[in-house]
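Notes follow once the structure below has been shown.
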Amino acid sequence: MIWIGDVLVSPGEGGVYGERMLDGYRVWDPYRSKLAALYVLGTGVDLRPDMRVLYLGAANGTTVSHVADYVETVYAVEIAPRPMQDLLEVAGRRRNVVPIMADAGRPGEFAPFMEAVDLIYQDVAQPDQVAIAERNLPFLKPDGCLILMLKTRSVDVRRDPAEVLEEAREELGAHLIVVETRWLEPYHRDHAALVCAARR
Ligand code: SAM
């Protein structure tokens with residue numbers, strides 16, 4: 001990852017969503033991106049130029065655009081038409097973003113456009129977030145990683161967030177090695193990241 005002092009940046013063309021520029025790099029703001037928050041908190045999976053990424057819950061492409069600055073290809077899946085319009089704009093300005101309008105919970109719908117990936121990044125804020133991630137694991141390379149941004153309130157607003165996180169950790173642990181869990185405070189409330197590695 002590229003840091004200028006303690007500021008996380010990415011090496012792409014600016015002007016995507018009004019982001020600040022610093023020494024010619026795009027500032028990647030941890031308050032606007034959960035993935036940036038994870039890096040600023042000192043963890044995450046380093047993004048490399050040879051990586052292929054499946055991004056579930058792309059929204060309007062804010063975080064997608066930064067990931068695309070670092071990696072070879074981003075397959076960006078989004079279900080909602082309005083953010084999809086913005087995502088298409090982002091993809092139009094970057095040769096390595098493949099926008100896919102589909103339900104991340106139905107990977108069979110987009111499997112024909114996919115190849116094996118090094119990283120699955122998921123940020124869908126749905127009650128069945130963990131199940132959605134599991135359904136996409138067949139796309140993951142044997143040495144790949146998953147980063148799941150768990151919005152505990154979306155799973156069940158009445159339950160203790162720590163309990164929801166523990167349950168997600170156990171469920172994912174049946175398929176993957178859960179390397180780390182991390183709450184994203186103070187950048188994002190009620191969100192935890194689960195960083196997982198494939199079992200070879
Ligand atoms: N990751 C984005 C970013 O950092 O810029 C923000 C994602 S936003 C919290 C969640 C997004 O997931 C929304 O745009 C929503 O439409 C999308 N989403 C929710 N359920 C989905 C599904 N089943 N398949 C694909 N996208 C989904």
Length-normalised contact order of the range 46-103, Cα under 8 Å, at least 6 apart, in percent, tallies to 36 percent
Ranked by GNM mean-square fluctuation in the chain (Cα springs under 10 Å), the top entry among ASP118, ASP23, ASP128 is ASP23
The alpha-carbon pair-distance distribution computed for the chain, with 5 angstrom bins and whole-percent values, is 1, 8, 17, 21, 22, 17, 10, 4, 1, 0
For the pair SER154 and VAL179, the simple spin-label estimate (label points 7 Å beyond Cα toward Cβ) gives in nm 2.3 nm
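Computed from the coordinates by the stated procedures, all read-outs in this text should not be read as laboratory data. Keep in mind it's a predicted model, so treat the numbers as computed, not measured. No Cβ is skipped: glycine too gets one built from the backbone with ideal geometry, and neighbour counts run over all protein chains shown.
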